[in-house]
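K.L.:
Dropping the structure in here first, questions after.
What follows draws every value from the coordinates through simple rules; no lab data is involved. Please read all numbers here as calculations on a predicted model, not as lab measurements. Glycine gets a Cβ as well: all are built from the backbone with ideal geometry, and neighbour counts include every protein chain shown.
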Amino acid sequence: MVSQDWMDKDFYAILGVPKDVDEKTLKKTYRKLAREWHPDAKPGDAAAEQRFKDIGEAYAVLSDPEQRKQYDAIRAMGGGARFTAGGPGGAGGAGGFEDVFAQMFGGGGGGAQNVRFSTSGGPGAGGIDLEDLLGAFGGAGGFGGQGFPGGGHGRAGGGGFPGGGYPGGGRTVRGQDVEARTTIDFRAAATGDTISLSKPDGGRITTRIPAGVKDGQRIRLRGKGMPAPVQGAEPGDLILHVSVEPHPVFGRDGNDLTVDLPVTFAEAALGATVEVPTLEGGPVKVRIAPGTPSGRVLRVKGRGIKAKGGTGDLRAKVQVVVPQRLSDEAREAVETLRAEESGTDPRADLMRRAQG
């Protein structure tokens, strides 16, 4: 996903991080800068808007291991080279591929006559490995297996410019994919939500989060990434990473909602009909059978997450509540119960199974 910005901009300097920055530090730094320079925090500040755009662009490249590898290789070869689709007469009078080598390696105006190439790549070869040089533009595959414009063939490999070609070589060059992150609450994730996002180029897009989205899920928004480096080509995509905040009452297991249901000792022992909360707001009633133990799960059909793959259930796990204070009458009743159960050991089966 090579673009002129890769030649002109020092993404490490933009983010203020060293070249060996690890992924965790990179992400932490990006989030801090994005909050500081977000257009909403500095309304009407054109410089802040541009700074925010540059920060987003730099992070999009450096957070992607493959793009970062390509960017580092290109920067190591000399930075400010400019690619054009042709020779004389191009924009700004810039030359073609030969001029790139000349700018990178200090050759004269006609080409890279001072550059030595080697295909062995072995130590002490005394020159630049041609395959490594081409690999900087697309990994081991060179220019996406298409070679140079006009005929030559590279190695097959799916790397290089998106779309498999070189600008001017007859194939479409896609825009760069970018990544964004958003955090939504539990209820919005379950029912779906519409959010607004800031793009790296300073614009904003509105998109719909589908019902049932999960924590950590990625959503691909087609054509919402960076514009293509050549006019008329397809823009990149926006990859949206969704984080879901936990709910104070409900949990999630697949499309099922889970909830702990407190019941009194009397309700569990004698049976009762009790209410269970739902995510929609209104409660539903469930029957507690006499003698229900703590930990038993009661299932309410169709009251879980409504997702594309179907609707889950609501699972209520019974938790028998032990009273913290007893009246004299209640204590007397419990003492009577203990006396009646004096010959029963509820742990006998546990001990037997533990001993094999």
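K.L.:
Greater than 30 Å separation of Cα atoms is the criterion. Which listed pairs, LYS285/LYS308; LYS285/LYS306; LYS224/LYS301; LYS9/LYS32; LYS42/LYS306; LYS19/LYS214, meet it?
P.N.:
Checking Cα-Cα distances, LYS224/LYS301; LYS42/LYS306; LYS19/LYS214 exceed 30 Å.
K.L.:
Run down the aspartates and glutamates and flag those whose C-alpha is under 16 Å from the C-alpha of LYS27, throwing out any fewer than 8 positions away in its chain.
P.N.:
Once the sequence-local aspartates and glutamates are set aside, what remains near LYS27 is GLU36, ASP54, GLU57, ASP64, GLU179.
K.L.:
Obtain the nm distance between the two label points defined at ARG299 and LYS317 by a simple spin-label model: each point lies 7 Å from its Cα along the Cα-to-C-beta direction.
P.N.:
The two pseudo-label positions are separated by 1.6 nm.
K.L.:
A further question follows. Quick check: the distance between the Cα centres of the stretch 282-356 and the stretch 216-256, to the nearest angstrom?
P.N.:
About 41 Å separates the Cα centre of the stretch 282-356 from the one of the stretch 216-256.
K.L.:
Under a crude label model (7 Å from the Cα following the beta-carbon direction), how far is ARG325 from THR183 in nanometres?
P.N.:
In this crude label model, ARG325 to THR183 measures out at 3.9 nm.
K.L.:
Based on the Cβ-Cβ distance from ARG347 to ASP253, what FRET efficiency comes out when R0 is 30 Å, to the nearest 0.05?
P.N.:
0.50
K.L.:
What would the Debye equation give as log₁₀ I(q)/I(0) for the stretch 192-309 at q = 0.18 Å⁻¹, counting only Cα atoms as equal point scatterers?
P.N.:
One equal scatterer on each Cα of the stretch 192-309 leads to -0.99.
K.L.:
Please give the contour-minus-distance gain from ARG220 to GLN355: 0.36 nm per residue of separation, less the Cα-Cα distance, rounded to one decimal in nm.
P.N.:
Contour length minus Cα-Cα distance gives 43.1 nm.
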